[in-house]
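**Student:** Okay, handing you the structure first.
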Amino acid sequence: MAEEVVVPTTSLIVLPDNVSFSVGVLTEPLAVLIHAFRKAGWSPDTKNDSSVVIFGAGTIGLMGIVAASRFGVTNVAISYRHQFQADVAKRIGKLVGVLVETIPHHEVVSYFEGREKPDLILETVGGKANTAVESVDIISPGGTIVILGLFDHDAPRPHLFPIVCKEVAILGSNCYDRSHSTSDFLLSLSILSEHGESLHSCLVSHSFSLEQAEEAFAVAASKENEKALKVVFTLDE
């Protein structure tokens, strides 16, 4: 890892006075989810009665709950692999005023049998997961699926027939941009200005010095044993 990085000034954003460096580490993952909602055509600070499902309760998926609150959503269902992720999802929902339904990942498809189907799905798992197929299975007719997870080339792929028949929109969402009057990063910071410290206590599970980099990456890779969510490095100021 480099000790110093040179970047253009246009890539820098000054943290507000009420957002500490430790809270500032949450700016980027939250901006990723703000961008995903905007890719779906949603606008912040508007009432929204649409139903939302999030596949995956890692840092990105959990940030989806936070972003949903800013986009007017009051109910979110999120799938999880480990119970501690579900517990954190509930805490975050209570913090930002979103009613969160937690569903074990292997039960998502059966959960929506006979229930109202979601209007928007955010897929944050990727890898070799079957979540793209499951998203198409449970999405409502005319609904939108936003893919944030990075899938392996041999991951299961949904059939085109139900996509066409249900007129499903499937969008990719990569990082963030500045195409709006308020950029994804600035909107993220405005949320963190209000909830940052509480979100930090929910999401940042481990902190390490740079000298502990090897240990930090090992902990991040051992989610179940270490109950790892956001693993960060603490730098000397």
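Any read-out appearing in this document is the output of simple, stated calculations on the displayed coordinates, not a laboratory observation. Treat the numbers as computed from the prediction; the structure is a model and nothing was measured. No Cβ is skipped: glycine too gets one built from the backbone with ideal geometry, and neighbour counts run over all protein chains shown.
**Student:** What nm value, rounded to one decimal, do you get for the distance between residue 4 and residue 159 when each label is placed 7 Å out toward the C-beta?
**Tutor:** Computed distance between label sites residue 4 and residue 159 equals 6.0 nm.
**Student:** Relative to the first principal axis of the alpha-carbon coordinates of the chain, what is the inclination of helix 83-96, with its axis defined by its Cα atoms, in degrees from 0 to 90 and to the nearest 10?
**Tutor:** It is inclined by approximately 80 degrees.
**Student:** Another one. Distances over 21 Å make up what percent of all Cα-Cα pairs in the chain?
**Tutor:** Working: 16145 of 27966 pairs.
Taking all Cα-Cα pairs of the chain, the fraction more than 21 Å apart is 58 percent.
**Student:** Report the FRET efficiency, 1/(1 + (r/R0)^6), for residue 43 and residue 17, where r is their Cβ-Cβ distance and R0 is 30 Å, rounded to 0.05.
**Tutor:** Working from the Cβ atoms, E equals 0.60.
**Student:** Follow-up question, since we're still on this one. Report, in whole Å, the centroid distance computed from the Cα atoms of region 41-61 and region 109-181.
**Tutor:** Centre-to-centre (Cα) distance: 13 Å.
**Student:** Pairing the Cα long axis of helix 184-203 with the longest principal axis of the chain, what angle in degrees results, from 0 to 90 and rounded to the nearest 10?
**Tutor:** Taking the Cα atoms of the chain, the angle to 184-203 is about 80 degrees.
**Student:** When we measure straight from the Cα of residue 230, which lysines land under 27 angstrom away, once same-chain ones fewer than 8 places off are left out?
**Tutor:** Candidates past the 8-residue exclusion: 39, 90, 94, 128.
**Student:** Let me ask something additional. Quick check: pseudo-label points 7 Å beyond the Cα along Cα→Cβ at residue 110 and residue 217, how many nm apart are they?
**Tutor:** 3.9 nm
**Student:** Report the full-extension gain for the segment residue 101 to residue 166: residue separation times 0.36 nm, less the Cα-Cα distance, to one decimal in nm. Don't jump to the answer; show the numbers that get you there.
**Tutor:** Working: separation 65, 0.36 × 65 = 23.40 nm, distance 2.49 nm.
Full extension from residue 101 to residue 166 adds 20.9 nm.
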